[in-house]
Amino acid sequence: MRVMAIDYGDARTGVALSDATGFLAGRTFLIKSRKEDVVLAELVSLAQKEGAQELVMGYPRNMDGTLGPRAEKYAAFARRLEEAAGLPVALWDERRTTVDAHRILGEQGVRAKNRKDKIDSVAATLILEGYLDWKRLQAQRQEKEGQTP
């Protein structure tokens, strides 16, 4: 099952796609627009073109786990995306993804001024990897429960 992860942002939206098996993170894309309708249309088009069967979108939580004003904005966008794409959208805790993305790019030698167009795609990949790992763990738990006498 191909999964598409989204790191929705004010100016740029990073997108990462899994492989066809839904096991590995694969290609990334960047949508540069501040217009919500443009981003929505691009995401729907990309999901259809790439054969995504499930969408996961970063959900901004405060570091203490509470929800702030951005969380409602993202949830509303996710509802619009789900309706427009006709696919389920899972909201995924994105705390620290941008920080981790900066660290990863720094470790790869990408200078800070050159990170702007890469950071959102890397963050989307981190969201995707976390979500895919979680799905694998859920499947393993269900398998174990089914084997328990």
Next item on the list: Set the Förster distance to 22 Å, then compute FRET efficiency between residue 33 and residue 76 from the Cβ-Cβ distance, nearest 0.05.
Entry: 0.80
Notebook entry, point to check: On the accessible surface of region 1-105, probed at 1.4 Å, how many percent belong to carbon and sulfur atoms?
Noted result: 52
Note to self: Suppose we flag trypsin sites (Lys or Arg not before Pro) only when DSSP calls them loop and at most 11 other Cβ atoms lie within 10 Å. Which is the longest uninterrupted stretch of the chain?
What the structure shows: 36-110
Check: Taking a probe of 1.4 Å, how large is the accessible area per residue of the chain, in Å²?
Finding: 58
Note to self: Only four residue types carry charge here, +1 at the Cβ of Lys and Arg and -1 at the Cβ of Asp and Glu. Report the dipole size of region 26-149 about the Cα centre in Debye, rounded to the nearest 20.
What the structure shows: 540
Margin query: To the nearest 20 Debye, how big is the dipole of region 48-117 about its Cα centre, given +1 on the beta carbon of each Lys and Arg and -1 on that of each Asp and Glu?
Written below: 420
Check: Going down the list 73/113; 35/116; 32/73, which pairs span over 24 Å between their C-alpha atoms?
Finding: 73/113
Next item on the list: With springs only between Cα atoms under 10 Å apart, run a GNM on the chain and tell me which of 69, 60, 88 wobbles the most.
Entry: 69
Note to self: Roughly how far apart, in whole Å, are the Cα centres of region 26-53 and region 73-148?
What the structure shows: 15
Item checked: Sum of side-chain charges, residue 143 neighbourhood, beta-carbon under 13 Å (Lys, Arg +1; Asp, Glu -1) -> +3
Item checked: Accessible heavy-atom area order of 57, 63, highest first, probe of 1.4 Å -> 63, 57
Margin query: Just want the answer: with Cβ charges of +1 for Lys and Arg and -1 for Asp and Glu, which residue in 90, 33, 132 is farthest toward the dipole's positive end in the chain?
Written below: 33
Checklist line | Farthest toward positive dipole pole in the chain [+1 Lys/Arg, -1 Asp/Glu at C-beta], among 81, 105, 142 | finding: 105
Notebook entry, point to check: Over all distinct alpha-carbon pairs, what is the Kirkwood Rh of the chain in angstrom?
Noted result: 15.9
Next item on the list: Springs between alpha-carbon atoms under 10 Å, Gaussian network over the chain: tell me which of 75, 112, 20 tops the mean-square fluctuations.
Entry: 112
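The values are calculated or read from the model by the stated rules, or taken from the named source; none is laboratory data. Nothing here was measured: the structure is a model prediction, and the numbers come from that model. Cβ coordinates were reconstructed from backbone atoms using ideal geometry, including for glycine residues, and neighbour counts include every protein chain displayed. Calculation scope for accessible area: heavy atoms of the full protein, side chains included, ligands and nucleic acids excluded. Shrake-Rupley method; radii C 1.70, N 1.55, O 1.52, S 1.80 Å.
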